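Report on the structure given below.
Please treat every number below as a calculation from the coordinates, not as lab data. Here the structure is a predicted model, which means the values were calculated and not measured. Reconstructed Cβ throughout: ideal geometry from the backbone, glycine too, with neighbour counts over all protein chains shown.
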Amino acid sequence: DQQVKQNSPSLSVQEGRISILNCDYTNSMFDYFLWYKKYPAEGPTFLISISSIKDKNEDGRFTVFLNKSAKHLSLHIVPSQPGDSAVYFCAASHKKGSSNTGKLIFGQGTTLQVKP
Amino acid sequence: DGGITQSPKYLFRKEGQNVTLSCEQNLNHDAMYWYRQDPGQGLRLIYYSQIVNDFQKGDIAEGYSVSREKKESFPLTVTSAQKNPTAFYLCASMASSYNSPLHFGNGTRLTVT
């Protein structure tokens with residue numbers, strides 16, 4: 001039962017162009033979404049997040065869009081740089097009762113390659 | 001520098017042996033987590049702890065055990081009952097405030113032969 005899905009295992013873009021990474025989820029209770037970036041043999045690094053009360057959050061070159069009706073979120077990287085080449089994971093969580101357990105459900109990851 | 005330290009980075013064990021992975025954080029975070037990553041799969045939650053002396057099973061807890069005797073430390077034991085222990089193990093922590101992100105350590109690669 002994959003509640004968070006990243007259907008594209010890999011993506012290749014040219015330096016300077018836009019990278020769009022997609023993520024779909026099935027659990028309508030999710031109310032907090034995050035994107036992480038991961039290099040080989042290292043831990044994931046937090047990139048950007050969005051609450052379900054918003055539909056867009058921007059931080060520098062990174063923008064996350066949330067479409068609740070479609071249960072879909074995407075990460076846009078503009079302009080893409082070779083150093084952005086990594087595996088990108090989307091993740092989701094939801095409140096349990098009145099506390100946040102912090103449990104994150106991760107997608108399978110998308111490997112982004114940015115070519116110089 | 002605040003952060004999460006996992007040691008060792010690489011660990012090799014023979015089948016049938018228990019092994020303990022270390023995770024220490026100096027971020028003063030209340031909650032700590034253990035995830036496992038396998039090729040082509042996302043991170044899967046093994047165990048988590050929101051306060052000292054308390055922890056809960058995640059989605060794939062079978063064959064693993066944890067303890068949380070100190071706020072800073074959350075060691076994971078991979079027992080001989082774990083059928084596929086070879087994986088990349090990631091420890092994470094989170095501040096108690098709602099909607100704060102998880103911070104991850106750099107992982108331990110465990111190989112069991």
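How high is the relative contact order of the range B:23-113? Use alpha-carbon pairs under 8 Å, at least six apart in sequence, and give a whole percent. All intermediate terms of the calculation are to be shown ahead of the outcome.
On the way: 196 pairs, mean separation 26.8, N = 91.
Once divided by the residue count of the range B:23-113, the mean separation gives 29 percent.
Would you mind ranking A:Leu66, B:Leu90 by Cβ crowding within 10 Å, fewest neighbours first? Please list the in-between numbers first.
On the way: A:Leu66 21, B:Leu90 26.
Lowest count first: A:Leu66, B:Leu90.
Please report, largest first and rounded to whole Å, the three semi-axes of the ellipsoid equivalent to the range B:1-102, where each semi-axis is the square root of five times an eigenvalue of the C-alpha gyration tensor. Could the numbers behind the result be given before it?
Working: eigenvalues 100, 40, 36 Å².
Working through the eigenvalues yields semi-axes of 22, 14, 13 Å.
Give me P(r) over the protein assembly as shown, computed from all C-alpha to C-alpha distances, binned every 10 Å, as integer percentages.
Pairs per bin, as whole percents: 8, 33, 35, 20, 4, 0.
Can you give me the long-range amide H partners of A:Gln113? Hydrogens built in the peptide plane at 1.01 Å from N, cutoff under 5 Å, separation of 5 or more residues or another chain.
Sorted by chain and number, the residues that satisfy this are A:Leu11, A:Ser12, A:Val13.
Assign unit charges at the C-beta atoms only (+1 for Lys and Arg, -1 for Asp and Glu), then state the dipole size of the range B:1-88 relative to its Cα centre in Debye, rounded to the nearest 20.
Details: 10 positive and 10 negative charges, 55 e Å.
Taking the Cα centre of the range B:1-88 as origin, the dipole is about 260 debye.
Once the dipole of chain B is set up with Lys and Arg at +1 and Asp and Glu at -1 on Cβ about the Cα centre, which of B:Val52, B:Gln25, B:Tyr10 lies farthest towards its positive end?
B:Tyr10
So if I place +1 on the C-beta of Lys and Arg and -1 on the C-beta of Asp and Glu, and nothing else carries charge, what would the dipole magnitude of chain A be about its Cα centre? I want it in debye, nearest 20.
Numbers: 13 positive and 9 negative charges, 37 e Å.
Using only the charged Cβ atoms, the result is roughly 180 debye.
7 Å from Cα along Cα→Cβ at both A:Ser69 and B:Lys83: what's the point-to-point distance in nm?
4.4
Listing B:Thr77, B:Thr111 from the residue with the fewest other Cβ atoms within 10 Å to the one with the most, what is the order? Mind showing how you got there, number by number?
Numbers: B:Thr77 14, B:Thr111 11.
Neighbour counts put them in this order, fewest first: B:Thr111, B:Thr77.
Report, in listed order, any pair from A:Lys37/A:Lys103; A:Lys56/A:Lys115; A:Lys38/B:Lys70; A:Lys38/A:Lys68; A:Lys5/A:Lys37; B:Lys14/B:Lys57 with a Cα-Cα distance greater than 21 Å. Working shown, then result.
Numbers: A:Lys37/A:Lys103 18 Å; A:Lys56/A:Lys115 27 Å; A:Lys38/B:Lys70 28 Å; A:Lys38/A:Lys68 26 Å; A:Lys5/A:Lys37 16 Å; B:Lys14/B:Lys57 25 Å.
Those over the limit are A:Lys56/A:Lys115; A:Lys38/B:Lys70; A:Lys38/A:Lys68; B:Lys14/B:Lys57.
Return the inverse of the average 1/r over all pairs of distinct C-alpha atoms in chain A, which is the Kirkwood hydrodynamic radius, in Å to one decimal.
Values: mean 1/r = 0.0697 Å⁻¹.
Computed over Cα pairs of chain A, the Kirkwood hydrodynamic radius comes out at 14.3 Å.
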